[in-house]
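Student: Pasting a structure here, questions to come.
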């Protein structure tokens, strides 16, 4: 077969898979419901710890490797291309309680303004020592959808601290899977540097990480690099690392877990056997299993903790249960609080 014909065949198969995925999504956007690293991070609040949490202080800190659009002064703020260097911003939000439909219970988060902050400003301006939740988004996301998912996650977990987003350049298109994957890998140094700076900040307490889908790949890569230099600091400063529906090659994942040594015991993997998005990605990857649909016993054999949320799978993609299902969020919250996921009892109750 001629090379041009081979290219056409491969492209046709990829498009068929991706359009099939688009049909399953039925209006769901991407993987959500809706260089040099920075030297420091922007403060999110100056209020007392008793009022901590994104619902009381609706702001996010974000570090992004996306290109700024119009100086990041108006929507969409940051685009789909790779920036020469990361940007550090503070995102001011409107909470569901502020919306015009809040009285009938259908309010949602939205972005009010995005403020670029000098790298010299850090969490040290916050009141006291604060825990930080870092969210790393997945494939097919805009800057805005990633930020709003970070807010929804933090609010759903009732996280008592500051919330931070790491946003890498996604094309926000089902047909640009390869671009997104390469952009995620390209961003690993910036994420490593961000985590390194967080660990060095004396005003930051425990750092928890929740990464989703393709974002788990850049997270594992950054942790692997950081572990080579800061293994002891990682063990003492990082809390739970939750990899939700990881879109990672199982063979490559095993190699990375081996390199992470004892730190891998802090990692919890959320799996869903009927994750249709990851099934499509497995077919595109030549049939190699994605971590998010691997068997629980296979992951536990690597020394990892596993949340098997398969009982909560429905008729959709089943790729974002960590955002949409209250029981799954409760398990993640307990992982952060206790360091070990509780089991799901029969019928979906939490033991």
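Student: Taking 7 Å along the Cα-to-C-beta vector as the label spot, tell me the residue 175-residue 116 distance in nanometres, rounded to one decimal.
Tutor: 3.2
Student: Also, quick follow-up: Convex hull over the Cα atoms of the range 170-325, averaged projected area in nm²?
Tutor: Values: hull surface 37.4 nm².
Projected over every direction and averaged, the Cα hull of the range 170-325 covers 9.3 nm².
Student: Could you please rank 194, 214, placing first whichever residue has the fewest other Cβ atoms within 10 Å of its Cβ? Each step should come with its number before you reach the end.
Tutor: Numbers: 194 24, 214 29.
If I rank by nearby Cβ atoms, fewest first, I get 194, 214.
Student: Right, something else. Could the peptides 271-284, 326-339 be put in order, highest first, of the mean number of other beta-carbon atoms found within 10 Å of their residues? Present the calculation step by step, with values, prior to reporting the outcome.
Tutor: On the way: 271-284: 21.6, 326-339: 16.5.
Taking the mean over residues of other Cβ atoms within 10 Å, the ranking is 271-284, 326-339.
Student: I'd like the FRET efficiency for residue 337 and residue 56, computed as 1/(1 + (r/R0)^6) with the beta carbon distance as r and R0 of 25 Å, rounded to 0.05.
Tutor: Working: r = 19 Å, r/R0 = 0.77.
The formula returns an efficiency of 0.85 here.
Student: Here is a follow-up. Could you list 142, 64 so that the one with the fewest beta carbons within 10 Å of its beta carbon is first and the one with the most is last?
Tutor: Working: 142 23, 64 26.
Listed from fewest to most nearby Cβ atoms, that is 142, 64.
Student: What order do you get for 192, 144 when you list them from fewest to most C-beta neighbours inside 10 Å? Before the final figure, lay out each step's value.
Tutor: Working: 192 23, 144 19.
Fewest-to-most Cβ neighbours within 10 Å comes out as 144, 192.
Student: Turning to a different aspect of this structure: Roughly how many Å is it from the Cα centre of the range 69-93 to that of the range 290-330, as a whole number?
Tutor: 32
Read-outs throughout are calculated quantities, based only on the coordinates presented, and are distinct from any laboratory measurement. These numbers were taken from a predicted model, which means no experiment stands behind them. Don't worry about glycine lacking a Cβ; one is built from the backbone with ideal geometry, like all the others, and counts go over all protein chains shown.
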